[in-house]
Amino acid sequence: MKANPLSQRGRALEEMYFRKREEENLRRRRRANRRQKLGSKMQIDNTDLLDSLIELGVTPENVAAFDFVPLLETIWVDGQINDEDRNTIFDFAKSFGMEPGGPAFKQLNSWMSRRPNRALFEVWCTLTEMGSMGRELGQRSRRRWSATHALAVARSRKDRGAGSKQLRHTAQRIEAALRGYAVATANPETEAVA
């Protein structure tokens, strides 16, 4: 007895449908797993912010590079990073325990080779304002150092006449994020909000 072509076609469509559903479920589970790992590493549970970080290339393995975002944003304002800036950032990255060739160091190098999306800076500011600098002392130190150094770079460039509206805006945004951090962490109950 010959197989009915319509029946075969229907079975093929049904298999394709279920295969697509299974692939979509697998993608969702993987994304949730990445979100959970990154959230655990950064000690935050805001899924929207975690999804944004993942979309911007931040992973549990390279998250230490994220702490340098305000400095990178400040340095990139004039459209390039010079060798002195690059060496300073790499030296400080090493002093904070980032290993050359490691995932965080590679991500940092990538962001110095090609300007990161401005949204990365905005996510950094949002997390900082929420008091989510991380509970780990090294992470807080890196993030504070980066923000403080970014402000010093902005002032230095302004003093040299290289100040632009964008540079002033970036410095103001970092200062506002740090003020928000100070307010958020003054009340221990706000730490759980992130």
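The values are calculated or read from the model by the stated rules, or taken from the named source; none is laboratory data. Given the structure is predicted, the values throughout are model-derived calculations rather than measurements. All Cβ positions, glycine included, derive from the backbone under ideal geometry; neighbour counts span all protein chains shown. We work out accessible area using only protein heavy atoms, side chains counted, and drop any ligands, DNA or RNA first. Shrake-Rupley method; radii C 1.70, N 1.55, O 1.52, S 1.80 Å.
Summary table
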| read-out | value |
| --- | --- |
| Segment 126-138 residues that are part of a helix (DSSP H, G or I) and small (Gly, Ala, Ser), paired with ones that are at pLDDT 70 or above and surrounded by fewer than 19 Cβ atoms within 10 Å (Cβ to Cβ) (beta carbon under 9 Å, 6 or more apart) | Gly138/Phe96; Gly138/Gly97 |
| Of the criteria (1) in contact with a Pro (Cβ under 8 Å, 6 or more places away or on another chain); (2) open to solvent by less than 80 Å² (accessible area, probe 1.4 Å), which one Val77 fails | (1) |
| Any hit, segment 52-73, residues being more than 20 Å from Phe121 (Cβ to Cβ), modelled with pLDDT of 90 or more and among the charged types (D, E, K, R) | yes |
| Residue in segment 96-108 that is open to solvent by less than 60 Å² (accessible area, probe 1.4 Å), part of a helix (DSSP H, G or I) and not aliphatic (A, V, I, L, M) present | yes |
| Filtered residue count, segment 158-170, keeping only those that are modelled with pLDDT under 65 and not acidic (Asp, Glu) | 5 |
| Test: residue in segment 40-53 that is touching a residue at least 40 places away in the same chain (Cβ under 8 Å), at negative phi and open to solvent by 60 Å² or more (accessible area, probe 1.4 Å) | yes |
